[in-house]
Every structure is written in C-alpha cells, then in structure tokens.
Amino acid sequence: MDANTIYQQVERLSELLRVDLRQVGVKQNLQPVQIEVLHYLSICNRYSDTPMAVTEYLGQTKGTVSQTIKVLENKALLIKQPDKKDKRLTHLKLTSKGRQVLEQCVPSPAFEQTCESFTALKQVAIAEALKQLTDAVMANSPMKSYGICHECRYIKQEAEFCQLLNKTLATADLEKICRLFEKDKTANDI
C-alpha cells in the first residue's frame, strides 16, 4: 500500500466526519469551527486553554478564532477568565451548558454507533493505527505537536513533575493535551 492510498482513505474519513459535524451542529445552531473550539477546550489542559492555543491547534486565523469565541461566549457555552498571575493571558473555560452541547455533538451519534459495531479488539487496533499515523504526520509538520501531557519528554512520571514549567501537575492536566508538548524521544515507537 502506498501513501496515496492511505491519504485517500484518511481524506475521505475526514470529509465524512466534517459532514457529520456540520449536521449535528445544525441541530445545536453551531458551525463546525464552533464545535471544534468547544471540543479542543474539553481536551486541553489549563496551560493550553488560551485563544492563541486554540488558534495554533485548529490552524485558524486569529480573527476567525476571536469571532468564534465571541459567539460561543454570547451563547453561554464558554467563559473567559483572566489569568491570576499574568493579566495579559485569558483562559477559556467551557460552561456546563457548553459541555452538554458538546456531549451531543462529539462524537456524533452516527460515528459512535459505527465504532460500537466493531469489537473492542478492533477498536483498539484502529485507535492505535490512527495514533501512529497522527504522531508520524505531526513529527513532519511545522505545526505545534500538541500531545497528551503524561507522554511528554518534560514529565517525570514518578513525581508528575513538568521540568519545563517547573511544577507538579494535577492528574487532570496530565491526562489532557498540552501546547508545550514535545515527544519523549526515549519512548518506544512501534
């Protein structure tokens, strides 16, 4: 199998997911980018919940993200919170209403039903293959990598300590994605 064949499958799957996202978004009166922002905020840690991090992660313009945040704030789906130590930073937090809306959209009921039709073993195999592909593409991409904090090279596992931030992290932060992520070069890749 060659790269073109894999690309065609991933591209088709991506398009199907985008169409699905548009359809579930219509029911919530949301555009796909608005759902993407909500989803990102649900999976990022507290060091990655800024408008700039959203912009980098989604690969959108600052203007698009700024307008999207305004709409989501007006719909009471997220709130802005100034950073307690650095007044130049603003953190974005989902409201309970935002979480409820997101749960209805991501994953979509159709996608969830499709995944549940596979055996647990097949689901694991698909997830692992997609993670390997995503990691490999990210390694060759100029975009920030954004990975799960506990897989980062800066984390000392025994102490849950981030050497980059010079802080012990909460378990909740370690299980989410971080914009400061750098792949642990010593980790065994398959």
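The values are calculated or read from the model by the stated rules, or taken from the named source; none is laboratory data. None of the values given here were measured: they were computed from a predicted structure. Glycine gets a Cβ as well: all are built from the backbone with ideal geometry, and neighbour counts include every protein chain shown.
What the table shows:
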| quantity | calculated |
| --- | --- |
| Every pair of residues 6+ apart whose Cβ atoms lie under 7 Å, when the first sits in region 55-70 and is within 10 Å of GLN34 (Cα to Cα) while the second is part of a loop (DSSP other than H, G, I, E, B) | none |
| Filter result (among the aliphatic types (A, V, I, L, M) and either without any contact (Cβ under 8 Å) to a residue 12 or more places away in the chain or in contact with a strand residue (DSSP E or B) (Cβ under 7 Å, 6 or more places away or on another chain) (or both)) within region 103-137 | ALA120, LEU121, VAL124, ALA125, ILE126, ALA127, ALA129, LEU130, ALA136, VAL137 |
| Count of residues meeting criterion [basic (Lys, Arg), out of contact with any helix residue (DSSP H, G or I) (no Cβ under 8 Å at 6 or more places or on another chain) and either surrounded by 12 or more Cβ atoms within 10 Å (Cβ to Cβ) or part of a loop (DSSP other than H, G, I, E, B) (or both)] in region 133-164 | 1 |
| Residue match in region 161-171 (condition: closer than 21 Å to SER66 by Cα, of a type outside the set (Val, Ile, Thr) and at pLDDT below 95) | no |
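Conditions (1) in the same structural domain as GLU56 (by TED's automatic domain parsing); (2) in contact with an Asp or Glu (Cβ under 6 Å, 6 or more places away or on another chain); (3) within 19 Å of CYS44 (Cα to Cα); (4) modelled with pLDDT of 85 or more, marked per residue:
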| site | (1), (2), (3), (4) |
| --- | --- |
| ILE126 | no, no, no, yes |
| ALA129 | no, no, no, yes |
| LEU133 | no, no, no, yes |
| ALA136 | no, no, no, yes |
| SER141 | no, no, no, no |
| SER145 | no, no, yes, no |
| ILE148 | no, no, yes, yes |
| ARG153 | no, yes, yes, yes |
